[in-house]
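Written out below as structure tokens is the structure these notes cover.
Quick note: the coordinates plus some simple rules give every number you see, no bench work behind them. Just so it is clear, the model here is predicted, and its values are computed rather than measured. Counting neighbours? That spans all protein chains shown, and the Cβs are built from the backbone with ideal geometry, glycine included.
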Amino acid sequence: MMLKEIQVPLFDLIMCLSDVADFINPLVTNHQKQVAYIALRIAEELGLSLEERTQIVLAGELHDIGFLSLKDRMAFLDFEFETEGIFNHEKIGYSLIRKFKPLSDAATLIRFHHVKWNGGAGIESQEIQVPIGSHILHLADRIAVLINKEQEVLGQVKTITERVLEQSDKMFKPELVEAFKNLSIMEYFWLDAASPTVGTIIHHKMRPSEIELDIKGLIELARLFAYIIDFRSPFTANHSSGVTATAEVLAKLADFSERECEMMKAAGYLHDLGKLAVPREILEKPDSLNKDEFNVMQSHVYYTYRVLERIDDLDAINTWAAFHHERLDGKGYPFHLKADELPLGSRIMAVADVFTAITEDRSYRKGMSAENALHVLRQMANSALDPQMVSLLIHNFDEINAVRQTAQELAAAEYRSFQLQSA
């Protein structure tokens with residue numbers, strides 16, 4: 001059967017990433033969407049072009065992606081108005097996403113989205129002209145922070161508006177404050193911004209500028225997602241790269257078609273997407289997780305599945321990616337699927353994930369030797385892992401292990417480069 005050509009909307013994928021990042025705590029749920037929406041309305045009020053509005057929305061959806069820990073992000077949201085840049089999340093976000101060409105302009109907007117206007121001094125930062133989109137994002141972010149999610153929004157309008165007007169020509173460019181002032185009298189503006197369906201509102205507004213990715217573009221963006229997921233911690237910095245390389249080789253050895261192998265590559269990069277909803281403090285805990293922490297960790301595959309299932313063209317990729325903690329005996333999680341419910345792609349991903357996890361080096365332990373790794377895989381065959389895929393890995397161990405190591409070494413080099421760029 002011929003596989004359908006994949007065409008995935010960029011906005012939908014970015015919204016998936018934004019959603020998972022905002023699942024980390026109820027206090028930040030929909031925050032990035034709120035900022036994108038408020039920024040979009042201000043940009044429209046100013047008469048900016050569709051291209052400019054598109055980049056502003058993309059940047060709004062991703063503007064906090066540079067926060068590597070929940071503690072830092074929550075501390076930032078505790079400020080009614082921010083103090084001087086304290087967490088460097090703008091630079092980190094810029095470093096993470098600038099290499100993906102369709103997001104390069106959005107990356108620049110993120111880089112400067114906390115530059116204060118300061119009577120015009122904020123027109124430049126680090127001897128670089130600050131785009132108007134960055135100043136719009138700054139204003140939109142501070143407005144969103146001031147909205148109390150536990151109170152009815154229209155009753156907050158007067159207080160929020162007064163606070164913003166007080167900062168005209170200080171924190172914010174006066175022209176932008178004036179545009180916000182015009183919007184602030186519109187009830188729909190506030191109701192939209194506070195709505196749990198604000199993402200749908202944005203999607204409808206941005207439909208005319210839809211950008212679609214084919215399988216090659218999807219793989220490139222999925223690889224970026226993997227870096228955003230993994231680079232939050234040195235403990236996981238090259239995990240997805242190892243899983244992806246292993247799964248791709250296994251797929252080839254299992255006679256998957258060239259297109260299916262490309263799909264497997266995308267699935268490998270996306271398989272831990274839900275870990276963005278897991279606090280870094282849990283990911284990096286050197287001791288055993290307590291019950292509550294383990295429950296949070298288990299949720300990551302659920303989030304991966306739920307956020308990707310909205311995109312029809314990702315059905316197969318999603319099941320291959322998100323079911324990697326299911327077991328043939330039905331004792332996996334989160335859906336407790338059994339052997340006859342698990343497609344071969346999901347079984348391959350499960351083997352690749354286990355193999356990578358036990359053989360890769362972590363900051364707190366060395367990877368297993370070949371002998372010990374093979375022993376673990378044999379023990380897990382039949383009950384947890386597909387015995388044929390385990391056998392395929394065992395009979396091609398040296399080749400697959402070399403591919404995994406090379407992929408993880410390249411990812412480790414990328415991580416070191418990222419650390420230097422974001423320092």
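Each DSSP beta bridge with both residues in the chain is either parallel or antiparallel, and the antiparallel ones are about 75%.
Using only helices, what value at 222 nm comes out for the chain when you add -39,500 (n - 2.57) per DSSP H run of length 4 or more and divide by the total residues, to the nearest 500 deg cm²/dmol?
For the chain, the value works out to -19000 deg cm²/dmol.
The slack in the chain from residue 185 to residue 420, taken as 0.36 nm per residue of separation less the alpha-carbon distance, amounts to 80.1 nm. Projecting the Cα atoms of 10, 161, 147 onto the charge dipole of segment 8-212, computed from C-beta unit charges around the Cα centre, puts 10 farthest toward the positive end. Remark: relative contact order (segment 249-331) = 34 percent; criterion is Cα-Cα distance under 8 angstrom and separation of 6 or more residues.
Run the numbers on segment 8-212 and let me know its relative contact order in percent, using alpha-carbon pairs under 8 Å that are six or more apart.
After rounding, I find 26 percent.
The charge dipole of segment 8-212, taken about the Cα centre with unit charges on the Cβ atoms of Lys, Arg (+1) and Asp, Glu (-1), comes to about 240 debye, rounded to the nearest 20. Extending 7 Å from the Cα toward the beta-carbon at both residue 118 and residue 212 defines two label points whose distance is 4.7 nm.
Volume per residue for the chain equals 139 cubic angstrom (convex hull of Cα atoms).
Over all distinct alpha-carbon pairs, what is the Kirkwood Rh of segment 8-212 in angstrom? One decimal place: 16.8 Å for the Kirkwood radius. Partners of residue 158 within straight-line reach, counting lysines whose Cα lies under 24 Å from its Cα and excluding those fewer than 8 residues away in the same chain: 33, 116, 149, 170, 173, 181. Dividing the mean sequence gap of close Cα pairs (under 8 Å, 6+ apart) by how many residues the chain holds gives a relative contact order of 17 percent.
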